Amino acid sequence: MATETGGSGLVFHPMDQFIVSPLFGDGDVAWYTPTNVTLWLALTVAVIALLLVRSTRDARIVPGKTQSIAELAYGFVYKMVVDVTGRDGVKYFPYIMTLFMFILVANFLGLVPMAFTTTSHIAVTAVLAVAVFLTVTVLGFVLNGPSFLGMFWVSAAPLPIRPVLAVIEVISYFVRPVSHSIRLAGNMTAGHAVIKVFAAFAGLAALSPFAILGVMAMYGLEILVSFIQAYVFTILTCVYLKDALHPHH
């Protein structure tokens, strides 16, 4: 993605790695066209299935490496759900576990050389965020009825400013899927773009050592960011679920 031109020096395109392209041919991309996004989404699902299903099919008292990873992820998410939502939220653990594993594996697969980072696309993260938003909202009304709207009424505040706070609460509630999706996509896009910028400078002899060190540092940081972003998305989902289960708390 980097070239040298006679008049302007080094030219590179760090955002080209996020272009959606068809797997077969060079035609236009339609909703039914298999693309690089489709491929890496399918690989994400396959890796999760291998990790959580295959590795635990013959579970042992002394777990192997893959079983240990699966059990560690299970325990980590389970504790998160219980700590944030309480025991009432345990019944929704499978959904939250699925979200966490999908985002985590997709983020890590995006770090594989020549891979495509699916969670860098707002189309992917928006689907996840809107699904959480709709699930929590419907669940809130199913469990609490009209009293679910009480979460927008700040009864602890002085009466004259409660309507203003209610409007603010409603706006912030509907902004949730926007911030939920943009946070994940933005962080994954920014990190991978910076890695590509450092990698482009590696072709210049004078800057090559510094560029390689920069790539290594950013790659290590992206490993941490990949986990943190999966954690942040999941724990926010738990917080939103808590609002649906206990709207008056």
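Working from label points 7 Å from Cα in the Cα-to-Cβ sense, the A193 to Y219 distance is 2.2 nm.
Computed from label points 7 Å out along Cα-Cβ, the spacing between S208 and V47 is 3.1 nm. Relative to the longest principal axis of the Cα atoms of the chain, the long axis of helix 162-201 makes an angle of roughly 20 degrees. Extension gain, V232-R57: 0.36 nm per intervening residue step, less the Cα-Cα distance, totals 60.1 nm. Rounded to two decimals, the Cα-based Rg/Rh of the range 193-249, with Kirkwood Rh, is 1.40. Each part reduced to its alpha carbon centroid, the range 90-106 and the range 120-148 end up 15 Å apart.
Our summary of shape: the Cα atoms of the chain have principal axis extents of 69, 56, 39 Å, ordered from largest down, in whole angstrom. Here each label is just a point 7 Å from Cα along the line to Cβ, and for V130 and L72 those points are 3.6 nm apart. This model, with +1 at the C-beta of Lys and Arg and -1 at the C-beta of Asp and Glu, gives the chain a dipole about its Cα centre of some 680 debye. Angle of helix 65-85 to the longest C-alpha principal axis of the chain, folded into 0 to 90 degrees and rounded to 10: 40°.
Can you tell me, using C-alpha contacts under 8 Å and at least 6 residues apart, the relative contact order of the chain as a whole percent?
24 percent
In the chain, the longest principal axis of the Cα atoms and the axis of helix 36-49 are about 60 degrees apart.
Of I103, F210, L165, which is farthest on the positive side of the dipole of the chain, counting Cα position, with +1 on Lys and Arg Cβ, -1 on Asp and Glu Cβ, and the Cα centre as origin? After comparing all options, I get L165.
Computed from the coordinates by the stated procedures, all read-outs in this text should not be read as laboratory data. Keep in mind it's a predicted model, so treat the numbers as computed, not measured. So basically every Cβ, Gly included, is an ideal-geometry build from the backbone, and we count neighbours across all protein chains shown.
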